[in-house]
Amino acid sequence: MQPELAVPACGGNKTDSFADFFRVVFAIIEGEIRKLLHDPLEMLARVVQPAVWLLVFAPVFSSLRQIPTGGIRYQDFIAPGILAQGVLLLSVVYGINVLFERDMGLLQKYLASPASRGALVLGKALSAGVRNAPQVLVIYALAAIISAKVRWNPLAILAVLLLVILGSALFCSLSLVVACLVKNRERFMSINQALTVPLFFASSALYPVALMPTWLRRLTYLNPLSYLVDGLRSAMLSQARSAYGLKVDFAVQVCGLAVLVLLAARLYPRVEY
Amino acid sequence: MSQQSAQELSGPGDATDLQSTGTTPPAIETMALTRRFGSLTAVNSMNLTVPTGSIFGLLGPNGAGKSTTIKVLTTLLPPSSGTARVAGLDIIKQPRAVRSHLGYIPQAVSAEGVLTGYENMQIFAKLYGVHHSVRKERIDEALNLLSLSEFAQTQVKKYSGGMTRRLEIAIALVHRPPLLVLDEPTVGLDPTARRAIWERLHALRDQNNMTILITTHQMGEAEGLCDQVAIMNRGEIAALGPIPELKAALGPDATLDDVFIAHTGSTIEEGGFADAARTRRTSMRRE
């Protein structure tokens, strides 16, 4: 064995630390991709919910013509909202994995390795993004079926994909924080439910912000899902205009993710005690 | 396991090399190590030295503080007071360096069932910073050492309990640590699988001078594996030394069970709820 190839000792120079950090992040993501590849049926199951929303719910509500969507057909209007809903629902339950991993001993193995806690948490968060990425394909396929006016520009599709990955990572980090604080699966599920419903309905996923009462409209400014929906809608639909600006939508996702990863990294080892 | 494979595992960075310098610190040294959970003192002012190259057993009934001691030594839990040195490194001041020098195998069988044995090893090789130029070689070497090469591309959920445990040992060896820490290594395994694990651990110690720390509440495991044991009771070390000496101190016909009862005032719970729960969790994981 070559001594220089042995496990890096604590510390090291900044370049090594940076490379070590992202090596761990990508190792966790790679593990998640491999799990998905071993079980592709899981991805197929994700088609059902958006299909029901876009093919059943949206046409019924659209026929009522009660929701003003600024000249955008209602089916088209909610397509990005349904994508955001999928991102939210899958990501907020992702944190429960940390509790399963604790009970199964896997968490202890991660924590007993020299890997940075921040890298482990960011890896987990971005893994949720990887899990959600195929939903982009599902939504674009459904949008094509309902003849939605979609931007087929590769850059716009890339922006949607990036927003889905960032949004998934953000909500996954939030659920990791909750899991690390409550440390109990039943409590985690009830708190998550209490978080998910207000986050979803205090966003423009199903209706424009303008229809909301003033107090709720104010809350949407604090809701990261509002910015995710806004970004997805403006990048995906050719007729849509961003309310906050695409840069702001991205900045909220990145900053929110950074804050939550830092917080989750502090709390992550405490799941053990 | 082939002798050649076991020898290949050694290298300048492991315990053999450390000892050759003549300045080998003890593998583990605890100084008044204490861990409290609220009003409960799980580990109370423990002073313990584990020599390099030994197989050392922490024995004790459920709740004696064995697993807590291991969690503190592996830096999973911070001590409430006191400290410890692992491979000469302070667990409070140098936790990442400590983690680099040990391989840890927790109580529950924790490999990812949906992934193959090789994929499981690959993830941990990366977490431990094994350089990509030698990663495949190290993984193959550790799988070969644990006689798992032909099952490398098989999903772990198809492994037997003994094979999964061997895989976990292989994972813990992929970065060639000088110290291996196993929490109840053979719980839930049949006697044949248990003996196979013991043989591998003996070979690692004999051929690589690796230090192995195990916790167990099975007397047979302690007798079959350990050079020295510490019997823990209510967070304190009640007895310490080589098993023959502990037995001799009690009487000519004393067994390790007698020693255990004499120092803890209780019998070992073989099986029971803790084991059942563990076995159940293991089977859930592997599904």
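Restricting attention to the stretch B:106-126, report how many residues are more than 8 Å from chain A (Cβ to nearest Cβ) and within 22 Å of residue B:65 (Cα to Cα).
Number satisfying all stated conditions: 0.
Return a yes/no flag: does the stretch A:244-251 have any residue that is assigned to a loop (DSSP other than H, G, I, E, B) and within 24 Å of residue A:157 (Cβ to Cβ).
yes
Taking the conditions exactly as written (of a type outside the set (A, V, I, L, M) and within 12 Å of chain A (Cβ to nearest Cβ)), does residue B:154 satisfy them or not?
The answer is yes for residue B:154.
Being more than 23 Å from residue A:75 (Cβ to Cβ) and part of a helix (DSSP H, G or I) is the filter here, so list the residues in the stretch A:200-226 that pass it.
Those that are more than 23 Å from residue A:75 (Cβ to Cβ) and part of a helix (DSSP H, G or I): A:214, A:215, A:216, A:217, A:218, A:219, A:224.
Scan the stretch A:25-48 for residues that are outside any helix (DSSP H, G or I), more than 14 Å from every other protein chain (Cβ to nearest Cβ) and modelled with pLDDT of 80 or more and report the count.
The number of residues fulfilling the criteria is 1.
Exactly one condition in (1) of a type outside the set (Lys, Arg); (2) over 14 Å from the mean Cα position of the chain (by Cα); (3) at pLDDT 90 or above is false for residue B:226; which is it?
If we test residue B:226 against (1) of a type outside the set (Lys, Arg); (2) over 14 Å from the mean Cα position of the chain (by Cα); (3) at pLDDT 90 or above, just (2) comes out false.
Do we have any residue at all in the stretch B:176-194 that's in contact with a helix residue (DSSP H, G or I) (Cβ under 9 Å, 6 or more places away or on another chain), at positive phi, at pLDDT 90 or above and part of a loop (DSSP other than H, G, I, E, B)?
yes
Can you pull out the helices (runs of 4 or more DSSP H) entirely within the stretch A:49-159 that have at least 2 residues that are within 14 Å of chain B (Cβ to nearest Cβ) and not hydrophobic (A, V, I, L, M, F, W, C)?
Hits in the stretch A:49-159: A:96-104, A:106-111, A:117-145.
Hey, residue B:199 hits all of (1) in contact (Cβ under 8 Å) with a residue 40 or more places away in the chain; (2) within 14 Å of another protein chain (Cβ to nearest Cβ) but one; which does it fall short on?
(2)
Do any helices (runs of 4 or more DSSP H) entirely within the stretch B:82-168 hold 1 or more residues that are touching a residue at least 12 places away in the same chain (Cβ under 8 Å) and of a type in the set (D, E, K, R), and if so, which?
Here the list reads B:95-100, B:132-145.
Output yes when any residue across the stretch A:253-270 is closer than 28 Å to residue A:124 by Cα, within 14 Å of chain B (Cβ to nearest Cβ) and surrounded by fewer than 18 Cβ atoms within 10 Å (Cβ to Cβ), and no when none is.
Yes.
Quick grid of which residues meet (1) surrounded by 16 or more Cβ atoms within 10 Å (Cβ to Cβ); (2) aliphatic (A, V, I, L, M); (3) touching a Cys at 6+ places or on another chain (Cβ under 7 Å):
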residue: A:32; (1), (2), (3): yes, no, no
residue: A:42; (1), (2), (3): no, no, no
residue: A:48; (1), (2), (3): no, yes, no
residue: A:55; (1), (2), (3): no, yes, no
residue: A:62; (1), (2), (3): yes, no, no
residue: A:68; (1), (2), (3): no, no, no
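In the stretch B:64-78, is there at least one residue being in a strand (DSSP E or B) and either more than 10 Å from chain A (Cβ to nearest Cβ) or within 30 Å of residue B:159 (Cβ to Cβ) (or both)?
Looking for residues that are in a strand (DSSP E or B) and either more than 10 Å from chain A (Cβ to nearest Cβ) or within 30 Å of residue B:159 (Cβ to Cβ) (or both), one finds none in the stretch B:64-78, hence no.
Of the residues B:129, B:103, B:88, only one is of a type in the set (Gly, Ala, Ser), within 21 Å of residue A:23 (Cβ to Cβ), in contact with a Pro (Cβ under 6 Å, 6 or more places away or on another chain) and more than 8 Å from every other protein chain (Cβ to nearest Cβ); which?
Residue meeting the stated conditions: B:103.
Residues checked against (1) more than 17 Å from the chain's Cα centre (by Cα); (2) free of Cβ contacts under 8 Å to residues at least 40 places away in the same chain:
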{"site": "A:171", "(1), (2)": "no, no"}
{"site": "A:187", "(1), (2)": "yes, yes"}
{"site": "A:213", "(1), (2)": "yes, yes"}
{"site": "A:216", "(1), (2)": "yes, yes"}
{"site": "A:237", "(1), (2)": "yes, no"}
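The values are calculated or read from the model by the stated rules, or taken from the named source; none is laboratory data. These figures come from a predicted structure and were not determined experimentally. Here the Cβ is made from the backbone with ideal geometry for all residues, glycine too, and neighbour counts use every protein chain on show.
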